[in-house]
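Participant: Got a structure for you, written out below as structure tokens; questions coming shortly.
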Amino acid sequence: SGRRQERGERSGQRMAVRRRQRLGPGGGRALPAALLLLLLCVWCRAAAERVRYAIPEELGRGSLVGPLARDLGLSADQLPARKLRLSEEKQYFTVNEENGNLYVNERLDREEMCGESATCSVSFEALVHNPLNIFHVEVSIEDVNDNSPVFSKTVLDLEIGEWIPPGARFPLEMARDSDAGSNSVLTYQLTSNPSFSLSMKEKPGGKKQPELVLESVLDREKQNSFELVLTAVDSGDPARSGTVQVRINVTDANDNPPVFSKSVYEARVAENLPVESVVLRVRATDADAGPNGRVSYSLGSVTDSVRALFSVDSESGEVRTAGPLDFEEKNKYVFTIEATDGGGLNDDCEVQIEITDENDNAPEITILSLSSPVPEDAPVGTVVALMKVRDRDSGENGQVSCELSGEAPLSIVASSGGSYKVVTSGALDREQASEHRVTVVARDRGRPALWSSRELVLEVSDVNDNAPVFEEAAYSAYVAENNAAGALVLRVQARDADAGANGRVSYWLAGGSAGAAGAAPLVSVEARSGALYAQRSLDYEQCREFTVAVRAQDGGSPARSSTATVRVFVLDRNDNAPRVLWPAAAAAPGEAAGGAAAAPFEVVPRSAEAGYLVAKVVAVDADAGRNAWLSYELVQASEPALFRVGLHSGEVRTARAVGERDAAKQRLVAVVKDHGQPALSATATLHVVLAESLQEALPELSERPAGAEAAAAAAELQFYLVLALALLSALLVLSVALAVLARLRRA
């Protein structure tokens, strides 16, 4: 096999024929720049043509077939992007990804691949991407003389009667050579012998059969047997030969050979005929009687494949099938049948059996290329798959139609050479369907029709065509004041129908309401979760509500976004105690004794009845709601039964009539409480002097402890007295002026 490979490579080097048949540029020659536009148009049409090469068989693995990329019009710079590769159904050849040359991938034996066919070629598809296209490549396998002529028998036995006259001819077995063309043309040589010579007989189809010619009369008593060597030599370079031994036994009288009724027998049978079925019957007659006239039939010099498919009954001459017939493997068989009588004389005839086709092969679907996943924004008409459909039958049995089964925006388009393209027929939307499953059904036109199917799964890749959508357009959140910094306020959520980075949502603050403190520094948002956190403690008394805008943005390019409004309401807490406006707040408990004289006082006449309004405690609370509802209570008094305070009004009134026994000076302490939980409070101290007039009350006031506070109180009292007199005088003057004006107006 090593010498055979070397001879095949030398023969391939000697062969100068590498045929390329295309329309368009080729051969790798530089072209003028002015012709580029014209060649581009020609190249577009050349995509559907066939590229042909011719190589000898038996080339070793890695042998160069031809510059495929150059013949397809692809430069070396384009190869990485165009991704030139071969269809997966053929393994005889491979293409180099760097230079685009086509190489032999495994040893090619023409006889194994094509048998006795006159021509032998391998067809396959070359695929290029960006854009996707398909080219048909055909490699013709040329025969080399790698097979020697072979005889089916090692010894040929002949019986020749001594009475046979010179010039009689005896057919000898034809050798078989598996090569094709001139390598299978045989010549025969016979070892030199004065009694015999070799002659050639022309057979139908141009073949020559060797015949043994008797040159002189045989004398059995002198020599009863002969041993000769028949050599078959082919026409190859170098020539090959095969030999068979011819043993001749000299017998007595058998002067009539068998004769077939026809020289050629023909029959037509359908493939898949059952084994042992009768195909035809041959008949030969012999004019001799007895054993010399008894004819037996046998297959002549035939190949092993013929012996495996046909047999002949030695007595009846019926040719039967010995194995299954397949039209797709071979559609015609030609072989010889020999008829031999009991005396050793024989005759032969040719049998031609034509095999007719039946629809016994379902279409074969081969996926050449599948572009999956495909982006959802792919335009209508985008090629997503390339297929090749082949039916090994012939005629209508081999005519195939394809269709798609399934709900998907896809259609199938026929191409040249039994190829089909699956293209998009509508818009794709990954959010509605992330993958499409369709079934390619191929059906022939036989009766009954045969069909096959192949499922295609097309995944749809995501494109950022959806913006994030918030669950709510506007959110409301309620936060109690005095919250801790970093407390969770609200969690917003937006969903993006896209996938991957296109559907990954991030959150940002897009703005907010502007108040005294501004909304921006009050809250922050976590980018991944959408959680809003308070940046600092909120104060209801400073900010009761504010608004922020949250933007959700996906990770696509370009990014898409949407905005939602969040309105945050601050809830009040009871964090402010009531504040007494009048009278001034009492001193601390430890200072009560010393601060009594500093507290305001009211003068109540001793003639006051029950319900007399002494004063009104005025207090406010900065809180709101129940936290700002105030109630008043008298907690301490010199005469507890003498005064009472309104629960909600804060008015201090006499609970009974003032008596003579009541002390002239009374001290009242009232507490102001809110309704919060827990409640907060403040106290107010009020001094009351029981006197009919202010002058009568002055002696009582003068008895108050001396000191800085007493002097201040006296000065304040004098100020109020002067102010009161001034107001009374002003009112009197105003009354007199109004009266004068009124009188003047009437006058």
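Participant: Can you pull the accessible area of Asp326 for me, 1.4 Å probe, Å² to the nearest 10?
Facilitator: Answer for Asp326: close to 40 Å² accessible.
Participant: Let me ask you something else. Looking at Ser394, Ala427, Val440, which one has the Cα that reaches farthest to the positive end of the dipole of segment 364-461 (charges on Cβ: Lys, Arg +1; Asp, Glu -1)?
Facilitator: Result: Ser394, furthest along the dipole toward the positive end.
Participant: Rounded to the nearest 20 debye, what is the charge dipole size of segment 259-356 about its Cα centre when +1 sits on each Lys and Arg Cβ and -1 on each Asp and Glu Cβ?
Facilitator: Magnitude of the dipole: close to 140 debye.
Participant: Considering the Cα positions of segment 155-251, please state its Rg to one decimal place and its Dmax as a whole number of Å.
Facilitator: Gyration radius and largest Cα-Cα distance of segment 155-251: 14.6, 47 Å.
Participant: Accessible area, 1.4 Å probe, largest first: how do Glu455, Glu315 sort? Show your work: numbers first, answer last.
Facilitator: Details: Glu455 105, Glu315 155 Å².
Highest to lowest solvent-accessible surface, that is Glu315, Glu455.
Participant: In degrees between 0 and 90, to the nearest 10, how far off the longest principal axis of the chain does helix 708-746 point, with axes built from Cα atoms?
Facilitator: Tilt relative to the chain: about 80 degrees.
Participant: Further, regarding this structure: Ranked from the most accessible area to the least, with a 1.4 Å probe and all protein chains present, what is the order of His675, His648, His136?
Facilitator: Details: His675 65, His648 135, His136 10 Å².
From most accessible down to least: His648, His675, His136.
Participant: With all protein chains present, calculate the accessible area of Lys421 using a 1.4 Å probe and round the result to the nearest 10 Å².
Facilitator: 60 Å²
Participant: I would also like to ask the following. Could you give the Stokes-Einstein D for segment 83-212 in µm² per second, using the C-alpha Kirkwood radius, 37 °C, 0.692 mPa s?
Facilitator: On the way: Rh = 19.2 Å.
It diffuses with D of about 171 µm²/s by this estimate.
Participant: Enumerate the lysines that Lys665 could reach by cross-link, defined here as Cα to Cα under 28 Å, with residues fewer than 8 away along the same chain left out.
Facilitator: Lys616, Lys673
Participant: Moving on to the next point. Under a 1.4 angstrom probe, counting protein chains only, how are Arg61, Arg536 ranked by accessible area, largest first?
Facilitator: Arg61, Arg536
Participant: For the chain, what % of the accessible area comes from carbon and sulfur atoms, probe 1.4 Å? Don't skip to the answer; put the middle values down first.
Facilitator: Numbers: 19860 of 39550 Å².
Of all accessible area on the chain, carbon and sulfur atoms account for 50 percent.
Participant: For the chain, with every protein chain kept in place, what is the accessible area per residue (1.4 Å probe, Å²)?
Facilitator: Accessible surface, normalised per residue, equals 53 Å².
Participant: If all Cα-Cα distances of segment 271-361 are sorted into 5 Å bins from 0 onward, what percent lands in each bin, rounded to whole numbers?
Facilitator: 3, 14, 24, 22, 15, 10, 7, 4, 2, 1, 0
Participant: Taking the 0 to 90 degree range and rounding to the nearest ten, how far is the long axis of helix 36-46 tilted relative to the main principal axis of the chain, both from C-alpha atoms?
Facilitator: The two axes meet at around 70 degrees.
Participant: If you don't mind, another one. Report the equivalent ellipsoid semi-axes for the chain in whole Å, largest first, defined as the square roots of five times the eigenvalues of the gyration tensor built from alpha carbon atoms. If you can, show how the numbers build up before the last one.
Facilitator: Values: eigenvalues 3484, 147, 96 Å².
The three semi-axes for the chain are 132, 27, 22 Å.
Participant: If eta is 1.306 mPa s and T is 10 °C, what Stokes-Einstein diffusion coefficient results for segment 50-142, Kirkwood Rh from Cα pairs, in µm²/s?
Facilitator: Estimated via Stokes-Einstein, D reaches 117 µm²/s.
Participant: Give me P(r) over segment 469-571, computed from all C-alpha to C-alpha distances, binned every 10 Å, as integer percentages.
Facilitator: Calculated over all Cα pairs of segment 469-571, the distribution is 16, 48, 25, 10, 1 percent.
Participant: Could you state how much accessible area Arg653 has, in square angstrom rounded to the nearest 10, with a 1.4 Å probe and all protein chains kept in place?
Facilitator: Rounded to the nearest 10, the figure is 70 Å².
Participant: Moving on. What pairs from Lys203/Lys262; Lys332/Lys421; Lys262/Lys332; Lys201/Lys330 go past 24 Å between their alpha carbons? Numbers along the way, then the final one.
Facilitator: Details: Lys203/Lys262 14 Å; Lys332/Lys421 36 Å; Lys262/Lys332 19 Å; Lys201/Lys330 28 Å.
Violating the 24 Å limit, Cα to Cα: Lys332/Lys421; Lys201/Lys330.
The values are calculated or read from the model by the stated rules, or taken from the named source; none is laboratory data. The structure displayed is predicted, hence computed values, not measured ones. Note: ideal-geometry Cβ built from the backbone for every residue, glycine included; neighbour counts use all protein chains shown. Only protein heavy atoms, including side chains, enter the accessible area calculation; ligands, DNA and RNA are left aside. Shrake-Rupley method; radii C 1.70, N 1.55, O 1.52, S 1.80 Å.
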